[in-house]
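Read the figures in this text as sums done on the coordinates, not as results from a lab. Just so you know, these numbers come straight off a predicted model, no measurement behind them. Methodologically, a virtual Cβ is constructed for each residue, glycine included, from the backbone with ideal geometry; neighbour enumeration extends over all protein chains shown.
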Amino acid sequence: MNLTFKALSALLTYPTAELQQAAGEISEVFDAQRQLPGCIREQLHKLLTELASGDLYDLQERYVLLFDRTRSLSLHLFEHVHGESRDRGQAMIDLKAQYEQAGLAMSATELPDFLPLFLEYLSTLPGAEACDALGQPAHIFAALAERLRKRRSSYEAVFRALIALAAAKPKDDEVSALLAAPDPDASDLAALDAAWEDEPVNFGPNAAGGCKDGLIARVRGALRPAPDMPAATRNHPRQ
C-alpha cells in the first residue's frame, strides 16, 4: 500500500482529534517515503503543524468554509467536470460499482467522487498505475491549488503534492477553463447562492455535455479494480 497517498487522503478529511494526534506520524510518512520534492514536503509539514497545534473548532470551521461552502473548492471531483447535469448520477453509480469490486466499503452517505476516498483507492494500486490514474484529474488539482493560493491556505500544499505525483501534468487550457468559473468568497452569501444555483438540465439529441462529459469519462476511466482493498470511510459532518 502506498502510504503517501493514504497520508494525503487523511489531510483532506474533516479535522478531528484523531487527525491531530496522527499529525506526527503522517509527517514521518512523507519523509520516509520521499516520493515528493523537498519543497512540497516542507509545505505539507506546515499544514500538519497547523492541524496538530490549532484549536480543533477553528480548524473545522476553516475546513467547512473552504471545502463545503464554496463550490469552486469542492472535494468532489465530478463537481468540477460534471456540475449538476443529469449524467452525474450514473457516473456515481459506475464509480461505486468499481470501488465495490475492489473491496472498498463505503458508508451510505459517502459519494464515490470524494477526493480522499479516491486517493485511498489509489493507495492500493501499483505505483505507476496510481500515478497514471492521478494524472486524469490533474487539471482539477491545479485549479484548486491556485484558488487556495489566492486564499493563502496551507491546504494548497496537498494539491501541489498531487500534481507532483501525477504522471500526466495539467494542461493550461483545461486549468484556465476551470479557473474561469465563479469563485466567490465564503462570506459572500449572495454570490454563494448564485454559484450553487442548479444548472439547467437539457434533454434530447443536442444535450451533449461537450468537454465536461469528456473530462468525466477520463476520470472514470482512470479507476481500475484493486484486490484486497481494506474497508474505509471518509466522512465528515456537514454544517
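Overview of values
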read-out	value
Most to least packed among 121-131, 28-38 [average Cβ atoms within 10 Å]	121-131, 28-38
Theoretical gain in end-to-end length, Ile93 to Arg152 [0.36 nm per residue, Cα-Cα removed]	17.7 nm
Local net charge near Gln33, Cβ-Cβ under 12 Å (Lys/Arg +1, Asp/Glu -1)	+1
Inter-site label distance for Thr16 and Gln101 at 7 Å from Cα along Cβ, in nm	3.0 nm
Whole-angstrom gap from the stretch 127-160 to the stretch 4-43, using each part's C-alpha centre	15 Å
